[in-house]
1. Between Ala401 and Glu75, 0.36 nm times their residue separation minus their Cα-Cα distance comes to what?
2. Which value does Rg/Rh take for the stretch 201-369 over its C-alpha atoms, Rh per Kirkwood?
3. Which log10 I(q)/I(0) values does the stretch 438-563 give at q = 0.17 Å⁻¹ under the Debye formula, counting every alpha carbon as one identical point scatterer?
4. Kindly rank 497-505, 49-57 from highest to lowest mean number of other beta carbons found within 10 Å of each residue.
5. Counting helices only, and only those DSSP H runs with n ≥ 4, report the 222 nm mean residue ellipticity of the chain as the sum of -39,500 (n - 2.57) divided by its residues, in deg cm²/dmol to the nearest 500.
6. Roughly how many nanometres apart are two label points built 7 Å out from the Cα toward the Cβ at Arg462 and Glu255?
7. What whole number of Å gives the distance from the Cα centroid of the stretch 335-364 to the Cα centroid of the stretch 51-84?
8. Rounded to whole Hz and in sequence order, give me ³J(HN,Hα) for the stretch 540-557 from the Karplus expression 6.51 cos²θ - 1.76 cosθ + 1.60, θ = phi - 60°, writing x for Gly and Pro.
Amino acid sequence: MTRPRRPVAVLIGPPGSGKTTVGRILADAFDVAFRDTDEDVEQVAGKPITEIFVDDGEPAFRALERAAVATALREHDGVLALGGGAVLDEVTQTALAQYASTGGAIVFLDVSLSHAAPRVGFNQSRPLLLGNPRARWASLMEARRPVYERVATLQVLTDGLEPQAVAQQIGQHRLRGQPADRTVVDRQGAAHMTSTPPAPTRVTVRGAAPYDVVIGRNLLGELPGLLGDKVRRVLVMHPASLAATGEAIRADLGEQGYEAFAVELPDAEEQKTAQVAAFCWGVLGQADFTRSDAIVSVGGGATTDLAGFVAATWLRGIKVVHVPTTLLAMVDAAVGGKTGINTAEGKNLVGSFHPPAGVLCDLATLESLDRWDLVAGLAEVVKTGFIADPRILELVEEHHAALREWKGADATPQTWAVLAELVERSVAVKARVVGEDLTEQGLREILNYGHTFGHAIELVERYQWRHGAAVAVGMVFVAELARLAGKLDDDVVARHRAILDSLGLPTSYRGDRWEQLLAAMRRDKKSRGDLLRFVVLDDVAKPVRLEGPDPTLLAAAYAEVSKEPATGNPGVPVQLG
Ligand SMILES: NC(=O)c1ccc[n+]([C@@H]2O[C@H](COP(=O)([O-])OP(=O)(O)OC[C@H]3O[C@@H](n4cnc5c(N)ncnc54)[C@H](O)[C@@H]3O)[C@@H](O)[C@H]2O)c1
Ligand SMILES: O=C(O)C(=O)C[C@@H](O)[C@H](O)[C@H](O)COP(=O)(O)O
């Protein structure tokens, strides 16, 4: 019987992880050939990689690399090492997923900067590390780690290990016909985890009491760790739409020895009221909640805002862990400690800064999310792209159709992968900003991009618009304002409209509400006395303040967003329901 030609193992990892050295040892051990796609690329191009970068640019190199990987996966039956950035390519990711699904071994050689540095040498042959090689390596690794971990079927922690020992561990743990489960092997050679989903990503939010945002799937087991060991009583707060999830979490906590209660809340913005908060204080009082007890919120941003506020105010502050179940809450509301409720006069006018003890972003919960709630969450993702991370904008531009047509549990692996990357990138930005400026003394205001006008729409529309839809129009408003103030180029304004439109988000608003909108904007938290203040852009990822703009500019920006018909875009249920 002839064996299909395919690599015995594919090695992935950053520069300095030892792919070539370990790969050659492994190939010798299995008496097969070693192949390196970087060498294949150089052979096809007839010049070194540094020259390909200089002469033809990175996209040309990536195209050659994609072709080299495809060919090698098809025809090589030895050990294959991929260039450090090869796995970022989506076509390559699909090819690797296919290889793994038929039992192929994809090994991530994990390494820290201090161990990679002596191996890399950081010389001129690494074009992506030019400039400040250590910092570049660290930022490349930070961006690529989630992809390496997602793609790999085996992850070996190589710090302090000789290449021989790494090869031995790969041989022992992966190449003996074991199933395609994912395994993480530590330096002692112990297999720590065998399960199909990759390890969750953890983003630490710095501050007086640092906490982790854990992103992954099936994360319920992480909850006790985030609650800590002093908590005895837990109140799970969830809206009626998540009754089953809320009860499952309550029951699970009960089984783990907590005295676990649950409270069902009204849906969406209806829960962000003083009356609902007072009801929850009553529940906490009846159940004798003390300062060593905790709240777990399970729901969208409205729930994390309300539950965070209740936690901040009960006994002047008890622990809260957020389990966000909408995209919007994962990428924004659950992270950063802003809590709040609405009053008759406006949105989030009462609240506090009360950081959670942890955040569990279980992507599996998004399977049941309505597509328009997913799209509303994308508005905050796009906001993050415009203020800080242009790669987010590129990802949304590339994948807008699949995102807009969100199919929940039936979404393709590629769409899930894109969504996971969007969540990780957005959380990383938010964590960095709130880690530096929890109480919004300066930097944090950038997260309010599009919100001054957006919140005003929400109030005027009596919260019948989704928050994300209102923020979408709010971003177009401030983009127009920045353009009219001579700060922002036409093409960036057009890019706002194009991206939001492509997702089905509204980019225009009715033209007969200016006085009400203006009144609502005066109560925005960025206002100082009679001075209206806006976050605007000088360019993508260059947020600045615009203080006290001329009223004629504001009215002109409003005219720009109210030119189009006022009902939002076709198919967008602007109204909740
Ligand atoms: N504190 C912050 O930093 C911050 C940041 C952004 C937004 N917010 C606030 O967040 C709120 C908007 O959040 P949102 O868009 O998540 O709205 P939301 O909480 O109202 O949730 C939207 C809808 O999705 C439903 N839902 C939640 N999870 C679900 C799931 N897994 N499957 C099916 N349905 C589900 C909810 O019941 C609700 O009907 C606003 O009040 C906004 O002010 C706060
Ligand atoms: O975290 C922040 O800071 C934000 O501004 C994030 C916003 O997306 C969010 O809607 C927030 O609730 C708005 O805060 P507010 O202070 O304007 O009420």
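1. Taking Ala401 through Glu75 to full extension adds about 113.9 nm, to one decimal.
2. In the stretch 201-369, Rg relative to Rh is 0.92.
3. -0.82
4. 497-505, 49-57
5. Mean residue ellipticity, 222 nm, calculated: -14000 deg cm²/dmol.
6. Going by the 7 Å Cα→Cβ label model, 4.5 nm.
7. Taking the Cα centre of the stretch 335-364 as reference, the centre of the stretch 51-84 is 46 Å away.
8. 4, 6, 10, x, 9, 9, 10, 9, x, x, 4, x, 5, 5, 4, 5, 5, 5
The values are calculated or read from the model by the stated rules, or taken from the named source; none is laboratory data. Remember, predicted model here, so these are calculated numbers, not experimental data. When we count neighbours, we look across all protein chains shown, and the Cβ atoms used for this are built from the backbone with ideal geometry, even at glycine. Ligands, DNA and RNA are stripped out before the accessible areas are found, and what is left, the full protein with its side chains, is counted by its heavy atoms. Shrake-Rupley method; radii C 1.70, N 1.55, O 1.52, S 1.80 Å.
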